[in-house]
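Novice: I have a structure I would like to understand better, so I am pasting it below and will then ask my questions one at a time.
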Amino acid sequence: VIRCRAAVAWAPGKPLSVEEVEVAPPKAGEVRIQLVAAGICCTDDHLLQGSFPKAEFPVIPGHEGAGIVESIGEGVTSMKPGDKVILLCVPQCGECSFCRNPESNFCQKSHFSESQNLLPDKTSRFSCKGKQIHHFLWVSTFSEYTVVPEYAVAKIDAAAPLDKVCLFGCGFSTGYGAAINTAKVKPGSTCAVFGLGGVGLSVVMGCKVAGASRIIAVDINKDKFAKAKQLGATDCINPRDFTKPIQEVLTEMTGQGVDYSFEVIGHADTMVAALASCNMSTGVCVMVGELDSGSEISIDPTLLLTGRTWKGSVLGGWKMRECIPKLVSSYLEKKFNPDLLITHTLPFAKVNEGFELLRAGKSIRTVLLF
């Protein structure tokens with residue numbers, strides 16, 4: 001058993017508490033990892049506010065992290081102590097019907113199918129003050145050590161800087177893949193991206209790499225426009241600068257609507273606006289943002305009747321264990337630069353300060369260093 005620091009959420013709506021926790025050794029098929037860096041993502045804030053579905057408290061949050069294998073359980077063959085790894089909040093078990101389908105990246109062991117509050121054997125590896133602490137999406141990266149199933153870990157190139165590639169565990173991969181894999185953005189096309197946080201800006205990067213000729217970035221925080229243009233946006237618009245609905249503005253700007261739109265905020269009204277902003281025949285709208293648990297959306301069905309496509313994207317459509325090591329290799333070859341998303345780096349003990357920056361709209365990505 002290892003004793004180490006972790007940020008524990010004892011109850012919804014309360015600040016995280018940095019505590020000494022006990023981390024049990026890995027069982028068969030599991031890996032214990034020493035975290036080096038973890039990113040703060042909006043999904044973690046959903047959890048802290050109590051609006052993430054099926055989550056249980058007390059819990060150690062965090063789902064975007066990179067580290068080094070400390071020890072392995074019986075039967076683990078794909079990695080060994082000392083290997084650099086990225087933790088995967090969407091696993092790839094390789095056995096379920098979705099994993100065996102080449103067109104799917106969802107795994108039936110993911111949280112939306114079955115809860116990931118405990119490891120697959122329905123027990124926790126964390127305890128604090130004599131109490132069992134729940135895992136978050138199995139990975140719980142806000143801890144100096146964590147234990148995860150082997151199929152929720154990807155071994156990566158030893159040359160990768162963990163304080164940068166930790167973003168590949170969620171934010172960068174999600175946005176970049178939503179453009180490349182889910183929408184399959186074509187060269188010369190027009191795109192609109194609603195929301196310019198870390199994931200939205202990664203969508204912008206994906207659209208640019210895919211060859212989009214016009215990328216319209218949409219956000220009510222104009223402080224994010226300079227970064228959006230640096231990453232490839234051709235236009236930046238603030239919905240508050242217009243009296244008409246933003247979908248009408250985008251339709252006028254482009255003639256008949258954009259070819260691809262992406263909602264990367266997680267609000268029902270912007271999801272409908274994003275759908276309406278893509279052209280009525282061949283437009284594709286990708287839902288990337290995460291709505292609060294129990295939310296519902298009301299739409300006019302004629303938005304879809306004429307041929308628009310509305311799709312969701314989890315972790316950018318990547319089969320995580322296969323694709324994350326390849327993405328890291330592409331990063332090392334300088335094919336894209338997600339380093340630009342990191343606006344703040346903080347010691348792990350200042351985790352609550354990182355969330356304050358996120359909620360105030362002052363950060364794109366804050367990376368915590370252990």
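Novice: Leu275 - would you say it is assigned to a helix (DSSP H, G or I), open to solvent by less than 30 Å² (accessible area, probe 1.4 Å) and free of Cβ contacts under 8 Å to residues at least 60 places away in the same chain? Even if it seems obvious, please write down each step before you answer.
Specialist: Working: assigned to a helix (DSSP H, G or I): yes; open to solvent by less than 30 Å² (accessible area, probe 1.4 Å): yes; free of Cβ contacts under 8 Å to residues at least 60 places away in the same chain: yes.
Against the criterion (assigned to a helix (DSSP H, G or I), open to solvent by less than 30 Å² (accessible area, probe 1.4 Å) and free of Cβ contacts under 8 Å to residues at least 60 places away in the same chain), Leu275 qualifies.
Novice: Follow-up. Could you figure out which of (1) open to solvent by 80 Å² or more (accessible area, probe 1.4 Å); (2) over 22 Å from Gly283 (Cβ atoms) isn't true of Lys208?
Specialist: Only one criterion in (1) open to solvent by 80 Å² or more (accessible area, probe 1.4 Å); (2) over 22 Å from Gly283 (Cβ atoms) is unmet by Lys208, namely (2).
Novice: Quick one: in the range 254-272, which of the residues that are more than 20 Å from Ala179 (Cα to Cα) and under 25 Å from the mean Cα position of the chain (by Cα) is surrounded by the fewest Cβ atoms within 10 Å (Cβ to Cβ)?
Specialist: To start, the set of residues in the range 254-272 that are more than 20 Å from Ala179 (Cα to Cα) comprises 255-256, 268-269.
Within this subset, residues satisfying the condition of being under 25 Å from the mean Cα position of the chain (by Cα) are 268-269.
Numbers: Ala268: 16, Asp269: 12.
The extreme case among them is Asp269.
Novice: In this structure, is Ser97 surrounded by fewer than 16 Cβ atoms within 10 Å (Cβ to Cβ), assigned by the TED database to the domain that holds Asp163 and at pLDDT 95 or above?
Specialist: Yes; evaluated as a whole, the condition is true for this residue.
Novice: For the range 338-348, name all the residues that are open to solvent by 30 Å² or more (accessible area, probe 1.4 Å) and either under 13 Å from Cys170 (Cα atoms) or charged (D, E, K, R) (or both).
Specialist: Asp339
Novice: Search the range 301-329 for residues being touching a residue at least 24 places away in the same chain (Cβ under 8 Å), of a type in the set (Ser, Thr, Tyr) and open to solvent by 30 Å² or more (accessible area, probe 1.4 Å), and hand back the single one that is nearest to Gln49 (Cα to Cα).
Specialist: This residue is Thr309.
For every residue, the table says whether it meets (1) open to solvent by 30 Å² or more (accessible area, probe 1.4 Å); (2) in the same structural domain as Pro12 (by the TED database); (3) modelled with pLDDT of 95 or more; (4) assigned to a loop (DSSP other than H, G, I, E, B).
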| position | (1), (2), (3), (4) |
| --- | --- |
| Gly294 | yes, no, no, yes |
| Ile299 | yes, no, no, yes |
| Tyr331 | no, yes, yes, no |
| Phe336 | no, yes, no, yes |
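Novice: Could you list all residues from the range 326-353 that are over 18 Å from Gly62 (Cβ atoms) and among the aromatic types (Phe, Trp, Tyr)? Break it down into steps so the answer makes sense when it comes.
Specialist: Within the range 326-353, the subset over 18 Å from Gly62 (Cβ atoms) is 326-340, 343.
Answer for the range 326-353, where residues must be over 18 Å from Gly62 (Cβ atoms) and among the aromatic types (Phe, Trp, Tyr): Tyr331, Phe336.
Novice: Kindly provide the set of residues from the range 100-145 that are in contact with a Ser or Thr (Cβ under 7 Å, 6 or more places away or on another chain), part of a loop (DSSP other than H, G, I, E, B) and farther than 25 Å from Phe168 by Cβ, ordered by number.
Specialist: Residue satisfying the conditions is Leu118 alone.
Novice: With respect to Val351, is the statement that it is aliphatic (A, V, I, L, M), within 26 Å of Leu16 (Cα to Cα) and not assigned by the TED database to the domain that holds Lys229 true?
Specialist: yes
Novice: Criterion first (modelled with pLDDT of 95 or more, more than 24 Å from Val367 (Cα to Cα) and either of a type outside the set (Phe, Trp, Tyr) or buried (at least 19 other Cβ atoms within 10 Å of the Cβ) (or both)) does Thr77 satisfy it?
Specialist: Numbers: modelled with pLDDT of 95 or more: yes; more than 24 Å from Val367 (Cα to Cα): yes; either of a type outside the set (Phe, Trp, Tyr) or buried (at least 19 other Cβ atoms within 10 Å of the Cβ) (or both): yes.
Yes: the conditions hold for Thr77.
Novice: Quick one: Ala360 ticks every box in (1) on the phi > 0 side of the Ramachandran plot; (2) without any contact (Cβ under 8 Å) to a residue 12 or more places away in the chain; (3) among the hydrophobic types (A, V, I, L, M, F, W, C) except a single one, so which number is it?
Specialist: Of (1) on the phi > 0 side of the Ramachandran plot; (2) without any contact (Cβ under 8 Å) to a residue 12 or more places away in the chain; (3) among the hydrophobic types (A, V, I, L, M, F, W, C), only one is false for Ala360: (1).
Novice: Now, a different point. For the range 212-253, name all the residues that are over 27 Å from His344 (Cα atoms) and either of a type in the set (Phe, Trp, Tyr) or open to solvent by less than 30 Å² (accessible area, probe 1.4 Å) (or both).
Specialist: Within the range 212-253, Ala212, Phe242, Ile246, Val249, Leu250 qualify.
Novice: Hey, another quick one. If you check Ala233 against the conditions, is it within 21 Å of the chain's Cα centre (by Cα) and not β-branched (Val, Ile, Thr)?
Specialist: Considered against the rule, which asks whether it is within 21 Å of the chain's Cα centre (by Cα) and not β-branched (Val, Ile, Thr), Ala233 comes out as yes.
Novice: Considering only residues that are among the aromatic types (Phe, Trp, Tyr) and either open to solvent by 30 Å² or more (accessible area, probe 1.4 Å) or more than 11 Å from Ile40 (Cβ to Cβ) (or both), which ones fall in the range 349-370?
Specialist: Answer for the range 349-370, where residues must be among the aromatic types (Phe, Trp, Tyr) and either open to solvent by 30 Å² or more (accessible area, probe 1.4 Å) or more than 11 Å from Ile40 (Cβ to Cβ) (or both): just Phe370.
Novice: Spot the failing condition for Lys186; the list is (1) touching a helix residue (DSSP H, G or I) at 6+ places or on another chain (Cβ under 8 Å); (2) open to solvent by 10 Å² or more (accessible area, probe 1.4 Å), and only one is missed.
Specialist: (1)
The values are calculated or read from the model by the stated rules, or taken from the named source; none is laboratory data. It should be emphasised that the depicted structure is a prediction, and the values quoted were computed from it without experimental measurement. No Cβ is skipped: glycine too gets one built from the backbone with ideal geometry, and neighbour counts run over all protein chains shown. Each accessible area value is taken on the protein alone, full model and side chains, heavy atoms only, with ligands, DNA and RNA left out. Shrake-Rupley method; radii C 1.70, N 1.55, O 1.52, S 1.80 Å.
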